[in-house]
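Engineer: Just passing along the structure, written as structure tokens.
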Amino acid sequence: MNLNHHGHVSPREYVVEVRNLSFSYGESQLVLSGINFNASSGEFICFLGLSGCGKSTLLRLLAGLEKPSSGEILLNGNQIKGAGLDRGVVFQDYGLFPWMTAGDNIRLALEQKFPDWTKKKIKDTAIHSLIQVGLDESVYRKLPKALSGGMKQRCAIAQAFAINPPVLLMDEPFGALDAVTRSRLQDMLLSLWSSDESRKTIFFVTHDVDEAIYLAQRIIIIGHSPGRIIYDCVIPEDKKPSRETQFEDLYLLRLRNELIRMLNSDAK
Ligand SMILES: Nc1ncnc2c1ncn2[C@@H]1O[C@H](COP(=O)(O)OP(=O)(O)O)[C@@H](O)[C@H]1O
Ligand SMILES: [Mg+2]
């Protein structure tokens, strides 16, 4: 951590700074209120909360798809002005254009991000990204409708990683998948994230306590009406679960109970 000569953490330490963020859709009541947090480079943060608490709204604000009603969101010290290729997004509904093949979907994103790349480099990178997420090269020529939910979500993740953004925003990306596919994709995501030489900062939305514990280094619980931070905890590296220990380790079981208790105490 960089301490300056006053002993304060230099603000540049943080990739994302959210200050006194409040938000409402139009004139209606506040969806989010008084949200404050900082995220360090390479952190894997889960936003955990009950349905309707404002998780997707918070992610849309980070994506620049909505503007704060008050407060601000800084990305590398600059206010977010709109959507940008410095943030990848993966949503539950896959986000692939249905009329384009998986390969063309990924190529389109690459062409936007790297306009000076050759056609060959773009194609090679797109194929490499599919292989990286465990897909066969043949998926390149397939339309999304010819792919299973798990394969579509792998494609969406391949696309997000291909453009190599420092920040990745994921909104319940595995919510529609069966349990086995879901755990495979969780492992795939963790291995992509941890093998990166410059790790991405990931904001991952889920309402699933066990998914949050398995994936995150840090869990932020968003309470209800208005959405606000009611809990913020770090899971130390040496306490992170494996599939085997997640439901046996005493520390993790206590954490799980604590998170469920926080969620329940907030439910109305
Ligand atoms: N486009 C919208 N216009 C008006 N209200 C919305 C819109 N999107 C979401 N909301 C409302 O904002 C609140 C938070 O929604 P959302 O962020 O989707 O919650 P979550 O993702 O945690 O389930 C809900 O009350 C929801 O009805
Ligand atoms: Mg949502």
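Engineer: Binning at 10 Å from 0, report for region 68-151 what percent of all alpha-carbon pair distances ends up in each bin.
Structural biologist: 15, 41, 26, 15, 3
Engineer: Under 22 Å Cα to Cα from LYS67, which lysines show up? Leave out anything in the same chain fewer than 8 places away.
Structural biologist: Result set, ordered by chain and number: LYS55, LYS81.
Engineer: In whole Hz and in residue order, list the ³J(HN,Hα) couplings for region 74-80 that follow from phi through the Karplus curve 6.51 cos²θ - 1.76 cosθ + 1.60, θ = phi - 60°; x for Gly and Pro.
Structural biologist: After applying 6.51 cos²θ - 1.76 cosθ + 1.60, I find 10, 10, 6, x, 10, 4, 6 Hz.
Engineer: What is region 191-230 by shape, rounded, prolate or oblate, if you read a ≥ b ≥ c off the alpha carbon gyration tensor as root eigenvalues and call it rounded for a/c under 1.5, prolate for a/b larger than b/c, and oblate otherwise?
Structural biologist: On the way: a/c = 3.55, a/b = 2.12, b/c = 1.68.
Since a/c reaches 1.5 and a/b is larger than b/c, the shape of region 191-230 is classed as prolate.
Engineer: Give the cross-link partners of LYS121 among the aspartates and glutamates, using a straight C-alpha distance below 18 Å as the criterion and excluding same-chain residues fewer than 8 apart.
Structural biologist: By straight Cα distance, LYS121 reaches ASP104, GLU111, GLU137.
Engineer: Which of the listed residues, LEU108, VAL133, GLN153, is farthest toward the dipole's positive end in region 93-162, when Lys, Arg count +1 and Asp, Glu count -1 at the beta-carbon?
Structural biologist: Working it through, the farthest residue towards the positive pole turns out to be LEU108.
Engineer: Just to be sure I understand the model, the point goes 7 Å from the Cα along the line to the Cβ. What's the resulting ASN36 to LEU50 distance in nm?
Structural biologist: 2.6
Engineer: Would you mind finding the longest exposed-site-free stretch of the chain, with exposed chymotrypsin sites (Phe, Trp or Tyr not before Pro) meaning DSSP loop and at most 12 other Cβ atoms within 10 Å? Could the numbers behind the result be given before it?
Structural biologist: Values: sites that count: TYR25, TRP99, PHE247.
In short, 100-246.
Engineer: Report, please, the projected area of region 31-171 averaged over directions, based on the convex hull of its C-alpha atoms, in nm².
Structural biologist: Working: hull surface 38.3 nm².
Mean projected area of the Cα convex hull: 9.6 nm².
Engineer: First select every other residue whose beta carbon is under 15 angstrom from the beta carbon of LEU255; then total the charges, Lys and Arg +1, Asp and Glu -1. Spell out each step's value before the answer.
Structural biologist: Values: positive: ARG218, LYS239, LYS240, ARG254, ARG256, ARG261; negative: ASP208, ASP210, GLU211, ASP232, GLU237, ASP238, GLU248, ASP249, GLU258.
Here the charged neighbours net out to -3.
Engineer: Moving on to the next point. State, to one decimal in nm², a quarter of the convex hull surface area for the C-alpha atoms of the chain, i.e. the direction-averaged projected area. The partial results should precede the final answer.
Structural biologist: Values: hull surface 64.6 nm².
Seen from a random direction, the Cα hull of the chain projects 16.1 nm² on average.
Engineer: Please compute the per residue accessible area over region 93-162 with all protein chains in place, 1.4 Å probe, rounded to a whole number of Å².
Structural biologist: On the way: 3710 Å² over 70 residues.
That works out to 53 Å² per residue.
Engineer: Name all residues of region 21-38 having a backbone nitrogen under 12 Å from the label point set 7 Å from the Cα of ILE230 along its Cα→Cβ direction, giving them as ranges.
Structural biologist: No residues fall inside that zone.
Engineer: Next question. Roughly how many Å is it from the Cα centre of region 20-78 to that of region 183-254, as a whole number?
Structural biologist: Computed from Cα coordinates, the inter-centre distance equals 19 Å.
Engineer: For the chain, give the percent of accessible area contributed by carbon and sulfur heavy atoms, probe 1.4 Å, rounded to a whole number. Don't skip to the answer; put the middle values down first.
Structural biologist: Details: 6720 of 13320 Å².
Carbon plus sulfur share of accessible area: 50 percent.
Engineer: Amide H of SER41 versus every other amide H placed in the peptide plane: which residues, excluding those fewer than 5 positions away on the same chain, fall under 5 Å?
Structural biologist: Amide H to amide H, under 5 Å and 5 or more residues apart or across chains, SER41 pairs with VAL15.
The values are calculated or read from the model by the stated rules, or taken from the named source; none is laboratory data. The structure presented is a predicted model; accordingly, all values stated were derived computationally and were not measured. Every residue, glycine among them, receives a Cβ derived from its backbone with ideal geometry; neighbour counts consider all protein chains shown. Note: accessible area is taken over every heavy atom of the protein model, side chains too, but ligands, DNA and RNA are not part of it. Shrake-Rupley method; radii C 1.70, N 1.55, O 1.52, S 1.80 Å.
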